[in-house]
1. For the range 105-156, give me the residue count where each residue is of a type in the set (S, T, N, Q), farther than 19 Å from G77 by Cβ and outside any strand (DSSP E or B).
2. Confirm whether E178 is free of Cβ contacts under 8 Å to residues at least 24 places away in the same chain and not in a strand (DSSP E or B).
3. Please find, within the range 32-74, the residue that is surrounded by the fewest Cβ atoms within 10 Å (Cβ to Cβ) out of those that are within 17 Å of K104 (Cβ to Cβ) and of a type in the set (D, E, K, R).
4. Determine which member of the set E47, E90, E75, E83 is farther than 27 Å from Q126 by Cβ and under 21 Å from the mean Cα position of the chain (by Cα).
5. Restricting attention to the range 1-58, report how many residues are among the aromatic types (F, W, Y) and at pLDDT below 50.
6. Identify the residue in the range 169-203 that is crowded, with 21+ Cβ neighbours inside 10 Å and closer than 25 Å to G65 by Cα and, among all such residues, is nearest to the chain's Cα centre (by Cα).
7. How about the range 157-174: which of its residues are assigned to a loop (DSSP other than H, G, I, E, B) and farther than 18 Å from L46 by Cβ?
8. Any residue at all in the range 159-167 that is of a type in the set (A, V, I, L, M), surrounded by 15 or more Cβ atoms within 10 Å (Cβ to Cβ) and closer than 23 Å to E197 by Cα?
Amino acid sequence: MHKPHKVAHFCAALLLLVYGAQAETLVLSGRFVAQFKNKASISVTLEVDVHPSAPHSISSGGNDGDIHLAGRADEVGLPLVAEIVNARKEQAALTLLKTTAEGKRLPVKGVWRIWFEHLGKEDQIQGNPVDVPDSSNPAHLFEIHPITQFGDDPVLDAFTAIPGYTAYPAHVAFPFYEKDQATISAADGSVTITSGEGKYNYAEFVIELAGAVQADGDDGLFVLANVFDTSNEEEAITRDVRRMVFVKGTEAATRVQTMSKGDRMHVLGIPRVNLSEVAEMATEQSTQTRLPYEMIIVAILKD
């Protein structure tokens, strides 16, 4: 791990100089990247360490009604937060969570998500010992968000619009996603990503399918799409088509499977790092680039 770690320190320092902001480095196992780069979800045994007693409140442009669980999972080997979105819609999961003692292990499945939103002061290296978190939202770059199964119960009813919450419009969120900078390298069986602080967790936008829907062999669906702002559906807001991630059994996934190239859908989504594109870029020569991203589709929004 020494080579990419040294490169990462240089890249983090460069990003700090360029942007005058905090940056952090994530070192992933190359095997992990290969396994999950074209998968929507991950299944883990989660040791639940810290969680609040109730979901966040919901406010326009503020709290989004989810609930955070901080814990550890051997399958991930990184500081980890798992989130139930629209948590009030999942009363069985909330009841189980309330009775879950600190340190209890539960089977959890959900959409894996890497996003440089909750930065810490130290690099995060997959496989290094993970400290027991002291809050439900510690510094972390890896999430299971949204959760799709908690214990034995599916958590799919929550994949709907969040009542009372206003997401960031596409013309605010996507210009940031499109220019967010990173450095990427690979060495000694690992992949290193350094990036500055990410933001705009939930975005509202319109997608226009640019190809056929592809299944990932498990519970995920992928499709390439153009992205439009709801205020201007004539001109795509992204430079290129972007990959959209769906979970089977959700309303959005059911709908997209009936759609064809050129069809459109008004959606709510959250960004994550696109590990498939990262894997293509990762070489021993450090590459400065825009951070590759894709969008997890959480809900269909009504026009």
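1. Quick first cut of the range 105-156, residues of a type in the set (S, T, N, Q) only: 124, 126, 128, 135-137, 148-149.
When the remaining residues are screened for being farther than 19 Å from G77 by Cβ, the result is 135-137, 148-149.
With outside any strand (DSSP E or B) added as a condition, the list becomes 135-137.
Within the range 105-156, residues that are of a type in the set (S, T, N, Q), farther than 19 Å from G77 by Cβ and outside any strand (DSSP E or B) number 3.
2. Numbers: free of Cβ contacts under 8 Å to residues at least 24 places away in the same chain: no; not in a strand (DSSP E or B): yes.
The answer is no for E178.
3. D74
4. On the way: E47 fails: farther than 27 Å from Q126 by Cβ; E75 fails: farther than 27 Å from Q126 by Cβ; E83 fails: farther than 27 Å from Q126 by Cβ.
None of the other options fit; the residue is E90.
5. From the range 1-58, those among the aromatic types (F, W, Y) are 10, 19, 32, 36; that's our starting set.
Narrowing the set further to residues that are at pLDDT below 50 leaves 19.
Adding up the residues that qualify gives 1.
6. G198
7. Applying the first criterion (assigned to a loop (DSSP other than H, G, I, E, B)) to the range 157-174 yields 157-167.
Within the range 157-174, D157, F159, T160, A161, I162, P163, G164, Y165, T166, A167 qualify.
8. From the range 159-167, those of a type in the set (A, V, I, L, M) are 161-162, 167; that's our starting set.
Filter once more, so that each one left must be surrounded by 15 or more Cβ atoms within 10 Å (Cβ to Cβ): 161-162, 167.
Applying the additional criterion that residues be closer than 23 Å to E197 by Cα yields 167.
The answer is yes, given that some residue of the range 159-167 is of a type in the set (A, V, I, L, M), surrounded by 15 or more Cβ atoms within 10 Å (Cβ to Cβ) and closer than 23 Å to E197 by Cα.
The values are calculated or read from the model by the stated rules, or taken from the named source; none is laboratory data. Please read these numbers as outputs of a predicted model, since none were measured by experiment. Note: ideal-geometry Cβ built from the backbone for every residue, glycine included; neighbour counts use all protein chains shown.
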